[in-house]
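Below: the structure, in C-alpha cells.
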Amino acid sequence: MVEALPMPGTESARSRTVQTHCPYCALQCAMRLTVSERPEVPDSFDVEGASFPTNRGRLCRKGSTAHELLGRRDDRIMAPLIREQDGLREATWDEALSLIVDRVRAIQDVHGKNALGVFGSGALTNEKTYALGKFARIALGTSQIDYNGRWCMSSASKASTMVFGLDRGLPFPLTDLNDACSVLMLGSNVADTMPPFVQHLDGVRSKGGLIVVDPRRTATAELTADGAGAHIQPAPGGDLVLLLSVAQVVLEEGFADSEYLDERTLGLEELRRSASHWWPERAQAATGVGADQIRLLARKLGHAAQGARAGGDPVFILTGRGVEQHRDGTDTARAAISLALLLGLPGAGSDGGRRGGYGTLTGQGNGQGGREMGQKSDQLPGMRSIADDADREHMARVWGVEAQQIPGPGTPATQMLHRIGAADGVRGLFVHASNIAVSAPDAGRVADSLRSLDLLVVADFFMSETAQEADVVLPVLQWAEEEGTMTSLEGRILRRRRAVEPPASPDPDSGPRSELRIFADLAQRLGAPSAWPTEPSEVFEEIRRATAGAPADYSGLDYAALDDGHAAYWPVPAAQHSAEASATGEPMVGTPRMFHERFAHPDGRARLSAIRPRRQNQPRGAGEITFTTGRVMEHYQSGTQTRRVPALAAAHPEAFVEVHPATARQFGLTEDECAIVTSAHGQMKARVRVTDGIRADTVFAPFHFPGSGTANLLTRSLTDPLSSMPEFKSTPATIRPAEEAPL
C-alpha cells in the first residue's frame, strides 16, 4: 500500500516512520520519514524513497536531504516579528495579529478594500491555498490576489484551457511515458529539476525517440546522446516558429490525422493558414534551426504518430518553462498542443487505444492544486470562473455569503507588484510561501516597492529576502509538521502527513502556527462572515462542496480514501473505482486519463485556431547577447530552503553564468573569474563557467541566489498578453569582466 498511516510495526519508544511526499517539486516523490527520539537530545530525522509510480523509490539530492531542515533551530523563525525603528523584534501572536488588523483597517478606511493584496504560492497545500483565497476575498474583501504560479504555469494553463477547455498539466499518468516510441520535450530540463522522472524516459531512449529542444545542452539534452534521440538548439524565443514550421511540414506531407481532426477538432483551416507562412527555409532564420533539421523532426514525429494510430507505441509532446516563460508563451504552448492534435495524439480514438498526447510539466510541489483552489486572480475553487454568475452563486452558498460580497477579478501577479505605490495599487501586502524579492521579474524594482508599502506581512519558516523587508513576519509550519493534501503534476491528489510536532516555544503565545489558524484568527478579529475551520480535514470537506460540479471536481474524494491507498486523479465527481489499477497496484479513483471520448468544451471538440508570432528574434544591439534563466539540480526556487542544506549549498554556493567559449573570447571572460551581466533593468555579478553546451549568442544563469547574484535583477516585467506570464527566458543584455573583488 503506497499511501499509509504510520507504518505498522515501525513505532517504538525511540522512533517512528511516516509515509509522506517530498516537499519540493510536483513529481511529489513518495518517501518514508523516520523520526528518532532520545531523552534530552534533539530529535533526529532520516528519509528514504518509497515505492510509488512517479519515483519508484528514488529521490533526488533535494528530496534526500529534505529532512535536514526539520530540526534546524538557529535560523528558524520561532516567534512573530514586528518592525520597529531599529529593525525587527520578537512579539507575541496577540501583538502581531492586533497590529495587522489595525493596519488593515487603517489602509482600507482611506484607500478602499482593494488597497490590500495577497500573494500566494504553489508550495501551499490544497487546504491552505483554498483558505488563502477565501481569506482574501471574504475576510479582507479584496480582489487583489494572485500567486507565484503566475510565473510558472500560467501560459500552459491558459493554452490548455483555450484548446482543450480544461487545464490539467498531465492529462494522463506519468507512467504512460514508459511505453512511448517518441517523446518531444520542449524547454524542460527534467534530469536536473526532477531527476527521478528520467526513469520514465528509459524506454523511449532505447528506441532512439527522445527529442529535446533547448538552447543549452542540458543534462536532459545529454540523454539523447549515443543514438538515444536528438537535441535541437533553437535561439531563445524561437520555439513558436519552430513548432509552426513543424506543423507546416506535417500538414504539407500528409502526416496529419484527418479523420481524428474532422471528428474531434474545430478550426483546422485557420491553423493551416497561419502555419503555411513558416516553411522550413523561412523558419530557419527565425529559429536558428536548419530547414533540414526541421523537416527531419516533423517526419520523425509524423511516422511515429502513424505507427501509434496503427496500434504501435504512443507519442508524447511535453512542454516546460523554457518555452512558456516568454511574452508569446501561451501561443507557443498552443502551438505544441496543436501539433499534438494534428498528429491525432490527445485522448483515445474510438478503438480505445492510447496514442499518447500533450502535457505540461508542472514545477512546484502543489503547482497543479495551487492553480485549482482559488488563489489565482481570475478563479474560484475548482477552476471556477470568478466572472461567471453561476460559479459565484455556488461559492456564495458554500461560504454563507451573498454573491455580491465576492469581489470580481483581480490583477495578475506581475502587474500587482509593479503597481505598488500607484493610485490604484496595493498599499498593504500579505505574502505566503513566496520569496518575491528574489523570484519576481525586475526584482530590484519589486524590492524597492515592497519597502514603500504601508504594511508587508510575510508568513514563512526561515527569514527569506522578502521576510527581511517585512513589517510583520509570521512563523509557520514546515512540511512534516502539518497535515493536508497536494496535487501532483499528473493531477493525482496525495496526502501530506504530519510526522513531527512544531517546535515548542517557552511562551505559549509564541511559536510557529498553521496558516489555517492564522487565517481563522485574523478573520475573527476582522469580523468576517463564514466559517473558518483550522483542521485540514475539515477544510478538505469544504473543498469537496466548493468543487462539486466544477472542472477540477474533488467532491467524490475524502481523506479516508487517500489513506486507504486509492490513486485519485481529478475530476473525482463520485467515489467510483476505475476498472484498472495504478502501476503499483492501487485501485484508481476519478479520471487518470482525460479526453478519451471528448474534450472539455461544451461540444466536446478541441479548438484549433490561427497562431501568428508577434515577434521573431529581434536584432540585438552591438555587443548584446540574450540572457536566459533556469534551475540547477541542487537548488529549488529562490533557494530559501536549499541554500541552508550544507551539501546542496556546497554543490552550488554562489551564482554563476554559463557562456560559450566564443562568447568568452569576444568579451574577455575567464573561467572561474567574475562577470557583470547588465540589462536595461539591472545587473548581476556571477562567476563565469565556459561551456560549449550553450549557444554563442546566449548566456545562462540560475535564479536561486540573492544579493548581487540575483538573476531576476535583469529580467523585465514584459508579460504575455493572454496569460500575464513574464518573459524570464529572453532578456537583451551585455556581459563584461568584473573589476570588483570576487564574490
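The values are calculated or read from the model by the stated rules, or taken from the named source; none is laboratory data. Predicted model, so just to flag it, every value in this text is computed and none were measured. Cβ: placed from backbone, ideal geometry, glycine included. Neighbour counts: every protein chain shown. These accessible areas exclude ligands, DNA and RNA; they are computed on the full protein's heavy atoms, side chains included. Shrake-Rupley method; radii C 1.70, N 1.55, O 1.52, S 1.80 Å.
See the values below:
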item	result
Region 656-729 and region 426-463: distance between their alpha carbon centers, rounded to Å	23
Gain on full stretching of the segment that runs from SER44 to HIS596 - 0.36 nm per residue minus C-alpha separation	193.9 nm
Per-residue SASA entry for HIS596, accessible area with 1.4 Å probe, Å² rounded to 10	80
Neighbour net charge for ARG216 - beta-carbon separation under 15 angstrom, K R +1, D E -1	-1
Accessible surface of THR591 - all protein chains present, 1.4 Å probe, nearest 10 Å²	40
Residue (of ALA701, GLY227, TRP151) at the positive-pole extreme of the chain, dipole from beta-carbon charges	GLY227
Principal axis dimensions, region 481-541 - Cα atoms, whole angstrom, descending	40, 33, 17
Convex hull volume per residue for the chain, taking Cα atoms only, in Å³	153
Probe 1.4 Å, all protein chains present, accessible-area order of SER338, SER15, SER708, largest first	SER708, SER15, SER338
Shape of region 275-374, Cα gyration tensor, a/c cut at 1.5	oblate
Nearest-10 value in Å² for the accessible area of VAL398, using the 1.4 Å probe	30
Per-pair calculated FRET efficiency, R0 = 45 Å: VAL101 and ARG72 via Cβ, rounded to 0.05	0.90
Where labels lie 7 Å past Cα in the beta-carbon direction, separation of GLU222 and ARG282 in nm	3.9
Within the chain: Cβ-based charge dipole about Cα centre, in debye rounded to nearest 20 (Lys, Arg +1; Asp, Glu -1)	1360
Carbon plus sulfur fraction of accessible area for region 625-743, probe 1.4 Å, in percent	52
Percent of beta bridges antiparallel (DSSP, region 16-74, rounded to nearest 5)	100
Built amide H within the under 5 Å cut-off of ILE232, gap 5+	VAL212, VAL213, ASP214
Largest-first principal axis extents, alpha carbons of region 117-234, Å	58, 27, 27
Total charge dipole magnitude, region 681-743, about the Cα centre, Cβ charges on Lys, Arg, Asp, Glu only, Debye to nearest 20	100
Listed pairs LYS207/LYS300; LYS158/LYS207; LYS113/LYS134 exceeding 22 Å between Cα atoms	LYS158/LYS207
Spin-label pair ARG605/ASP86, simplified geometry with 7 Å Cα→Cβ offset, distance in nm	7.3
Among 274-287, 474-487, 85-98, the order from most to least packed when residues are scored by Cβ within 10 Å on average	474-487, 274-287, 85-98
Among 173-179, 264-270, the order from most to least packed when residues are scored by Cβ within 10 Å on average	173-179, 264-270
Equivalent ellipsoid, region 494-615 (semi-axes from 5 times Cα gyration tensor eigenvalues, Å)	36, 23, 16
Computed P(r) (all Cα pairs; region 660-743; 5 Å bins; percent)	3, 15, 24, 25, 18, 9, 4, 2, 0
Set of lysines with alpha-carbon distance to LYS128 below 18 Å, sequence-local pairs under 8 removed	LYS376
Residue-normalised accessible area of region 669-737, given per residue in Å² at a 1.4 Å probe	32
Sequence of GLU597, GLU535 from largest to smallest accessible area, 1.4 Å probe	GLU597, GLU535
5 angstrom amide H check on ASP442, placed H, neighbours 5+ away	THR715, ARG716
Protein accessible area in region 161-247, 1.4 Å probe - carbon and sulfur %	46
At R0 = 45 Å, FRET efficiency that the Cβ-Cβ distance of ALA574 and GLN468 yields, to 0.05	0.40
Share antiparallel - DSSP beta bridges, region 630-743, percent rounded to 5	70
Normalised per residue, the volume of the convex hull around the Cα set of region 222-286 (Å³)	132
Cβ-based charge dipole, the chain, positive-most Cα from SER730, GLN306, GLY165	GLN306
Length gained when the stretch ASP262-ASP109 is fully extended (0.36 nm per residue, less Cα-Cα span)	49.3 nm
Antiparallel content of DSSP bridges confined to the chain, in %, to 5	50
For LEU429, residues with placed amide H under 5 Å, excluding near neighbours	GLY117, LEU455, LEU456, VAL457
Solvent-accessible area per residue, Å², over region 173-254 with all protein chains present [probe radius 1.4 Å]	24
